[in-house]
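Bear in mind these aren't lab numbers, they're just calculated from the coordinates by the rules spelled out. Owing to the predicted nature of the structure, the values given are computational and were not obtained by experimental measurement. Cβ sites come from the backbone with ideal geometry, for glycine too, and all protein chains shown count toward neighbours.
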Amino acid sequence: MQQPILKFGMVGGGEGSLIGDIHCRAAAFDRRSEIAAGCFSRDAAKSAATGRKLGISPDRVYSTYEEMAEKEAARDDRIDFVSIVTPNSSHYAIAKTFLQHGFHVVCDKPVTIEESEAKELERIARQNGLLFCVTYTYSGYPMVKQARELVRHGELGDIVTVMAEYPQEWVLNADKPSWRMDPSQGKSCCVADIGVHIAHTVSYMTGLKIDSLCADMQSYGTLMELDNNANILVKYTTGATGVYWCSQVAAGCKNGLKVRLFGSKGSLEWEQERPDELRLSLKGKPLQLLSRGRDAMYPGAKSFNRLPGGHPEGLYEAFANIYSAFCSELSALRQGGVAAGSEADYPRIQDGIEGVRFVDKCLESAQDGSRWVAVTDS
């Protein structure tokens, strides 16, 4: 039986918003959900223009997110969930408001500024049986899922060490500050923006949890006070170790997330800019270049393929995979088929909590002479 199309609303994502456009397109990618309401900007004219472009009825384009939550909650045809794509400092208040009005939430990472805020959102969602997705994009790529399955099935053996990097150059090219650079909008730029992607992607692939870390964070140039380059050493609870580097002042680098896992039986490597490939090296065997859509994959990874091999899949598809998994669980929940918190494959509020904690611990270490700090559930 075909599942009904879910309705969603969006807060943020007005004209000119890259991430808002990505979320909106990804949510509609599989015709599992469609946008029906929004508060797209604090600028009423800009918000109305976005609403017209998206074909939303004018009476469902709201001036504030508070108005949106209240009025949508009172409608018989209310939205099923809300997507939050505003600057990080506003996530907490917006998400809390919609949760308190009974709406499921999809929120861009790293969910909140403070860990206590993220934990409160988790508590409200759990108490009300609501789903809360945090869009850590790279877990949506099929070959990242294949890497996870290779680790889960023991093909690499025990993970010994991890090398991961995420270099960009956009700060070098910026001629004016963005909200990410503004200390009033958050405590970190580089680590909160892309360092958390490293931490989550490694955790997703391996299941490893960080026991302690040592961070050195820098800010180069005169345009910003917050970090734009960071070097982070990590120790995992298993005894494995890792090295993370993230930078927004790496000349010549566009969006270079790369993860290398080294185990007792072999190693693998995945690059975001070549997302359909996975390099696998097993002891005693030739180096393998696995190609999405061509080579054998574990069922849990293969189910997220969309196109035959040689037809590249990328960012939109990865976001769409996250939304599709979220919508599948939400549709089943609405029909009484599952309880909130089941094992559908998408990042959840707990992933968001861990991301915020990672940022805080990096700052704690860097501000105290790059000493080792414990990464524990405070």
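Shape of the stretch 267-378 from the C-alpha gyration tensor: oblate (a/c of 1.5 or more and a/b not above b/c, with a ≥ b ≥ c the square roots of its eigenvalues).
Computed from backbone phi with θ = phi - 60° and the Karplus coefficients 6.51, -1.76 and 1.60, the 3J(HN,Hα) list for the stretch 63-68 is 7, 9, 5, 5, 4, 4 Hz; x is used for glycine and proline. When Ser264, Ser331 are arranged by Cβ crowding within 10 Å, least crowded first, meaning fewest neighbours, the order is Ser264, Ser331. For volume of the Cα convex hull per residue in Å³, one of (1) 146; (2) 176; (3) 136 was computed from the structure I shared and the rest are decoys. Which label? The calculated read-out lines up with (1).
When each of the peptides 307-320, 75-88, 130-143 is scored by the mean number of other C-beta atoms lying within 10 Å of its residues, the order from highest to lowest reads 130-143, 75-88, 307-320. Counting other Cβ atoms within 10 Å as a rough exposure proxy, the listed residues His101, His153 run His153, His101 from fewest neighbours to most.
What pairs in Lys119/Lys235; Lys119/Lys265; Lys145/Lys254; Lys109/Lys265; Lys209/Lys283; Lys7/Lys96 have C-alpha atoms more than 31 Å from each other? Beyond 31 Å: Lys119/Lys265; Lys109/Lys265. Electrostatic bookkeeping for Gly12 treats Lys and Arg as +1 and Asp and Glu as -1; over the other residues with beta carbon under 13 Å from its beta carbon, the sum is -2.
Suppose a student asked you for the relative contact order of the stretch 213-346, using Cα pairs under 8 Å spaced at least 6 residues apart; what percent would you report? It comes to 10 percent, rounded to a whole number. Neighbour counts of C-beta atoms inside 10 Å place Ser203, Ser33, Ser116 in the sequence Ser116, Ser203, Ser33, starting with the fewest.
The alpha carbon convex hull volume per residue for the stretch 18-143 rounds to 120 Å³.
Can you give the Rg to Rh ratio of the stretch 137-199, both from alpha-carbon atoms, with Rh computed by the Kirkwood formula? Checking Rg against Rh, the ratio lands at 1.13.
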